[in-house]
Amino acid sequence: MTMQAQWNAVDDYFCRQLVPQDAALEAALADSAAAGLPAINVAPNQGKFLNLLARIHGARRILEIGTLGGYSTIWLARALPENGRLVTLEYEPRHVEVAAANLARAGVAGKVDIIQGAAADSLQRLIDDGAAPFDLVFIDADKPNNPVYLELALRLSRPGTVIVGDNVARQGEVANPANPDPAIVGTRRFIELLGSHPRLSATAIQTVGGKGYDGFALAIVEG
């Protein structure tokens, strides 16, 4: 058995035992695939991790950067209380259309605002409009711009805000300073900013599973 096959088997086992079958989530994945969206959504056990993290933190306001088909959005929205709010940012109009339908079918559309457009522009508009700070921020969009998203998200945060950055290991290439790939360069700058920013305390974890070899970063705003 290859390492990837082993990782898949373990992920499948964890999901069978810990992440029950869910018609709305499965339909969201199926409709996203049928619409031609890239299969870069979080895995079911990763979605459950985000859901639990938001619940543990007692998040009432969540910011998601990168909606795709709304799969992780559903997981996060389900963690919110009845009066909670999730703002999710997505560049591609087709993705917004698919996500909106998926969120409606899952029964969480009433808690979610989807903003279509370049995420940096959308974040700046939220800042300019005086949006209330968010309790949890999930950054899962184009990697070259992750440092920009982090800087802007910090302006929409408060002491205690939790920030999660996805896909930070990049098959291990994040540790290779000679790799010129913009996604690698952006991820390295993102990690370096997490480590150097005076308002943040952060760590990063490597992961393996159905999505291959990658990882996530976790930070808390301290000031």
Which residues, taken from the range 28-59, are open to solvent by 60 Å² or more (accessible area, probe 1.4 Å) and either of a type in the set (S, T, N, Q) or touching a Ser or Thr at 6+ places or on another chain (Cβ under 6 Å) (or both)? Q46
Look through the range 199-223, keep the residues that are among the polar types (S, T, N, Q) and open to solvent by 70 Å² or more (accessible area, probe 1.4 Å), and return whichever of them is nearest to P133 (Cα to Cα). T203
Could you look through the range 1-22, keep only residues that are in contact with a helix residue (DSSP H, G or I) (Cβ under 9 Å, 6 or more places away or on another chain) and under 15 Å from F49 (Cα atoms), and pick out the one that is most open to solvent (accessible area, probe 1.4 Å)? L18
Cβ-Cβ under 7 Å pairs, at least 6 apart or on other chains, the range 92-107 side under 14 Å from G66 (Cα atoms), far side open to solvent by 30 Å² or more (accessible area, probe 1.4 Å) and of a type in the set (V, I, T): V96/I114; A99/I114; A100/I114
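Listed here are the residues, each with its yes/no results for (1) within 19 Å of D142 (Cβ to Cβ); (2) of a type in the set (S, T, N, Q).
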position: N8; (1), (2): no, yes
position: A24; (1), (2): no, no
position: A30; (1), (2): no, no
position: L63; (1), (2): yes, no
position: R85; (1), (2): no, no
position: Y91; (1), (2): yes, no
position: A104; (1), (2): no, no
How many of the residues in the range 121-136 are assigned to a loop (DSSP other than H, G, I, E, B) and either modelled with pLDDT under 95 or open to solvent by 30 Å² or more (accessible area, probe 1.4 Å) (or both)? 5
Any residue that is in contact (Cβ under 8 Å) with a residue 40 or more places away in the chain, open to solvent by less than 60 Å² (accessible area, probe 1.4 Å) and polar (S, T, N, Q) - is there at least one of those in the range 75-91? no
Based on what the data block shows, is D142 in contact with a Phe, Trp or Tyr (Cβ under 9 Å, 6 or more places away or on another chain) and within 20 Å of H57 (Cβ to Cβ)? no
Hey, any hits in the range 158-169 for a residue that's farther than 30 Å from D11 by Cβ and either surrounded by 15 or more Cβ atoms within 10 Å (Cβ to Cβ) or charged (D, E, K, R) (or both)? yes
Out of the helices (runs of 4 or more DSSP H) lying entirely within the range 1-97, which hold 3 or more residues that are closer than 20 Å to T207 by Cα? 3-18, 44-57, 71-77
Hey, can you tell me all the residues within the range 98-120 that are open to solvent by 50 Å² or more (accessible area, probe 1.4 Å), small (G, A, S) and not in a loop (DSSP other than H, G, I, E, B)? A101, A104, G110
Enumerate the pairs (first residue in the range 175-201 and within 17 Å of V164 (Cβ to Cβ) and in a helix (DSSP H, G or I); second residue anywhere and basic (K, R) and open to solvent by 60 Å² or more (accessible area, probe 1.4 Å)) with beta-carbon separation below 8 Å, excluding pairs fewer than 6 apart on the same chain, so at least 6 apart or on different chains. T187/R170
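The values are calculated or read from the model by the stated rules, or taken from the named source; none is laboratory data. For clarity, every value in this text was computed on a predicted model and none was experimentally measured. Glycine also receives a Cβ, built like all others from the backbone with ideal geometry; neighbour counts cover every protein chain displayed. These accessible areas exclude ligands, DNA and RNA; they are computed on the full protein's heavy atoms, side chains included. Shrake-Rupley method; radii C 1.70, N 1.55, O 1.52, S 1.80 Å.
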